[in-house]
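Q: Pasting a structure here, questions to come.
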Amino acid sequence: MIFTTNSEKETVELGRKLARGELIGKEIFGFGSPLAFYGDLGSGKTAMIRGVCLELGVDPTEINSPTFNIVNEYNAKNGLKICHFDLYRIRAEEWFGSGFDEYVREGNLCVVEWAENLPESVAKAALGIKISGSGLQPRTIEIRDSIKN
């Protein structure tokens, strides 16, 4: 599926629709796979993740990209947990110590920015969201079972 957004607000709203199950035909909690976001700096990965988190009841003041932390945890409504990973600065050996497998096994929703740096086996199991465009350009957002550049 391919979508176009013309503003950050529209990209956030697309994230909200994804969380409600309007884009893939099912709610993303319980989906069992991470959401893997691909795209250049400024493409809108964090904006779309913000939409997902807002729709799931996360306090908007808590939502930010965990660039230096690797992972931020957010409490969603109904006691669910969202684990927001940023792999921009990560090396392979750090990935395996990040606790990602445990987060997934515990049934948390894992969203991953810079999914280009995911191990191949994890990327293949993820729902891929590739965002193209930056600055004032419209964004083209492709959602499919797996995207690996």
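Nothing in this text is a laboratory measurement; each read-out follows from the coordinates by a stated rule. Because the structure is predicted, anything quoted here is derived from the model rather than measured. When we count neighbours, we look across all protein chains shown, and the Cβ atoms used for this are built from the backbone with ideal geometry, even at glycine.
Q: From the backbone phi of the stretch 44-54, what are the Karplus-calculated ³J(HN,Hα) couplings (6.51 cos²θ - 1.76 cosθ + 1.60, θ = phi - 60°) in whole Hz, Gly and Pro given as x?
A: Working through the residues one at a time gives x, 4, 5, 4, 5, 5, 4, x, 4, 5, 4 Hz.
Q: Compute, for the chain, the length of the dipole vector about the Cα centre, with Cβ point charges of +1 (Lys, Arg) and -1 (Asp, Glu) only. Units Debye, rounded to 20.
A: Computed about the Cα centre, the dipole is about 340 debye.
Q: Shifting gears a bit: So between ARG89 and GLU22, what do we pick up on full extension, going 0.36 nm a residue minus the alpha carbon distance?
A: Full extension of this stretch gives 20.9 nm more.
Q: Still on this structure, please answer the following. Ratio to report: Rg/Rh of the chain, with Cα atoms as the point set and Rh obtained by the Kirkwood method; give two decimals.
A: That ratio is 0.92, to two decimals.
Q: Continuing with this model, one more query. At 0.36 nm per residue, minus the direct Cα-Cα distance, what do ASP40 and LYS124 gain on full extension? Give it in nm, one decimal, please.
A: Length gained, ASP40 through LYS124: 28.2 nm.
Q: So between GLU142 and GLU62, what do we pick up on full extension, going 0.36 nm a residue minus the alpha carbon distance?
A: 26.1 nm
Q: With r as the distance between the Cβ atoms of ASP101 and GLU73 and R0 = 22 Å, compute the FRET efficiency 1/(1 + (r/R0)^6) and round to 0.05.
A: That gives a FRET efficiency of 0.90.
Q: Something else now. Could you pull out the trypsin sites (Lys or Arg not before Pro) across the stretch 50-89 that fall in loop regions by DSSP (anything but H, G, I, E, B) with no more than 14 other Cβ atoms inside 10 Å?
A: The qualifying sites are ARG89.
Q: Starting from the stretch 101-149, pick out the GluC sites (Glu not before Pro) whose DSSP state is loop and whose Cβ has at most 12 other Cβ atoms within 10 Å.
A: GLU106
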